[in-house]
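A short write-up of the structure that comes next.
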Protein chains: 2
Amino acid sequence: MSDAHDVLFKTLADPTRRALFERLCREGEQTVGSLTAGAGVSQPAVSKHLGVLKQAGLVQDRQQGRQAHYSPRPGALVPLLDWTSEMAGFWERRFDDLEDLLKRMDQ
Amino acid sequence: MSDAHDVLFKTLADPTRRALFERLCREGEQTVGSLTAGAGVSQPAVSKHLGVLKQAGLVQDRQQGRQAHYSPRPGALVPLLDWTSEMAGFWERRFDDLEDLLKRMDQ
DNA sequence: CTGACTCATAACCAATGAGTAATATATTTA
DNA sequence: TAAATATATTACTCATTGGTTATGAGTCAG
């Protein structure tokens with residue numbers, strides 16, 4: 001029952017977590033320490049959020065010594081983009097139908 | 001602190017609620033009764049979800065006698081589409097930069 | 001007017017989840 | 001080896017929320 005959309009929406013619904021993901025998208029790969037500075041929460045909280053983001057396939061990590069470098073995973077947002085476009089598309093189509101109907105009635 | 005993206009993601013994060021919105025997008029305007037049939041939950045639950053969707057600007061309602069007709073609100077998904085495109089765009093840009101760098105190194 | 005019908009609201013319960021402090025693990029440095 | 005550093009994990013608390021049943025408010029039919 002719990003499809004890809006579910007995981008994506010749930011993961012991005014939390015503002016702290018979404019902010020972390022945004023920073024990674026804007027600024028590229030960063031360590032947990034760097035991300036913790038600026039996030040308004042503790043280091044364990046950041047670690048947990050990164051774990052959730054990783055589980056959702058939104059980020060990947062690379063271990064280097066005692067530091068963990070996280071970066072956004074390209075393509076992870078595609079299902080979200082698809083879903084949104086599809087939903088918007090349904091309305092568009094119905095709007096076209098309505099316009100067609102009105103045009104036909106206008107004749 | 002709680003911006004439009006927050007409301008949209010939080011609202012769409014619940015699968016039951018997202019399913020209701022999807023049905024409205026696919027099939028167009030429907031009454032609460034019609035929506036309750038098929039949603040796996042009680043009528044009050046559906047009403048509450050519709051209230052949240054309405055609060056988020058994702059749907060609108062129209063009263064007709066004792067029935068409430070709900071329909072998706074066009075344009076409500078635009079901020080979501082924008083955000084997703086923007087995030088995907090950041091990676092794109094960085095990817096281009098990387099390619100440029102590799103090309104320059106190749107010379 | 002009365003009873004049936006449609007939907008919203010109220011009151012409550014159980015589960016989820018985001019946060020914390022404390023601690024464990026692993027790596028670098030002195 | 002011992003201390004310091006970087007991150008993950010554990011155990012816990014607290015607020016939020018999605019679900020329920022019961023009921024209220026409004027509308028239509030007999």
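The values are calculated or read from the model by the stated rules, or taken from the named source; none is laboratory data. Note that the structure is predicted; figures quoted are calculated from it, not measured. When we count neighbours, we look across all protein chains shown, and the Cβ atoms used for this are built from the backbone with ideal geometry, even at glycine. We work out accessible area using only protein heavy atoms, side chains counted, and drop any ligands, DNA or RNA first. Shrake-Rupley method; radii C 1.70, N 1.55, O 1.52, S 1.80 Å.
Within 14 Å, Cβ to Cβ, of A:PRO15, how many net charges do the neighbouring residues add up to if Lys/Arg are +1 and Asp/Glu are -1?
+1
Give me the distance in nm between label points sitting 7 Å out from Cα along the Cα-to-Cβ direction at B:GLN55 and B:THR16, one decimal.
Going by the 7 Å Cα→Cβ label model, 1.5 nm.
Could you list the residues of region B:42-86 with an amide nitrogen less than 14 Å from a label point located 7 Å from the Cα of B:THR31 in the Cα-to-C-beta direction?
B:62-70
In Å², rounded to the nearest 100, what is the total accessible surface buried by chains A and B against each other with a 1.4 Å probe?
2600
So what is log10(I(q)/I(0)) for region A:7-71 at q = 0.24, 0.25 1/Å, when the Debye sum runs over its Cα atoms only?
The computed values of log10 I(q)/I(0) come out as -1.03, -1.13.
With every protein chain kept in place and ligands, DNA and RNA left out, what is the accessible area per residue of region A:1-73? Probe 1.4 Å, answer in Å². List each step's numbers first, then the result.
Values: 3810 Å² over 73 residues.
Here the residues of region A:1-73 average 52 Å² of exposed surface.
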